[in-house]
Amino acid sequence: MFKRIIVSAMVLSTPFLMAGGNTASALCKTAKIHGKTCKPNKIYLERDVDLMWEDKPYTGAEEGAYMRYHSLGKVGTQQHALSYCKRLKYAGYTDWRLPTSDELSHVHRKDGQVFSYATEHDFWSSSIAERGKGYVVYPVDANRYKRKQNQVNYIRCVRCMAK
């Protein structure tokens, strides 16, 4: 009985499998974009306080490092964050630094999302809360919170535009 069902299904499906159609091997044409990406690395200019913010995408490796509590690129401990910003060469500038908690809170209080590449995780500031703890800013509420300095958080660097 089972064999009859299988054979019947094969016989009935043969016309669908053999149905014609254009079998030409030509593919449809694709658009030529000339090396541009949809969201290139950017900056955000906070003109009311003369600050320029780094606005780079977070890579899969950085997201993975965050999940595994490791420091890598724009994710890491407070010391890693300070070092990352100090060494950053971006948008033609080398004078980047880790923002203060007040600067981070200020930029995240603006209406709407000002950054092209955003995340809803804490961002390190250069502000020290107490021995062994620094301040992070949670972008959703723009408030600062104390975190152990060896905790892994996201990093966004800033520079003064007046320089």
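The values are calculated or read from the model by the stated rules, or taken from the named source; none is laboratory data. Predicted model, so just to flag it, every value in this text is computed and none were measured. Because the Cβ atoms are built from the backbone with ideal geometry, glycine has one as well, and the counts that use them run over all protein chains shown.
In this structure, is residue 93 aromatic (Phe, Trp, Tyr), modelled with pLDDT of 95 or more and more than 16 Å from residue 42 (Cα to Cα)?
Taking the combined requirement at face value, the residue does not satisfy it.
Please work out if residue 110 is farther than 12 Å from residue 154 by Cβ, modelled with pLDDT under 95 and not aromatic (Phe, Trp, Tyr).
It is true that residue 110 is farther than 12 Å from residue 154 by Cβ, modelled with pLDDT under 95 and not aromatic (Phe, Trp, Tyr).
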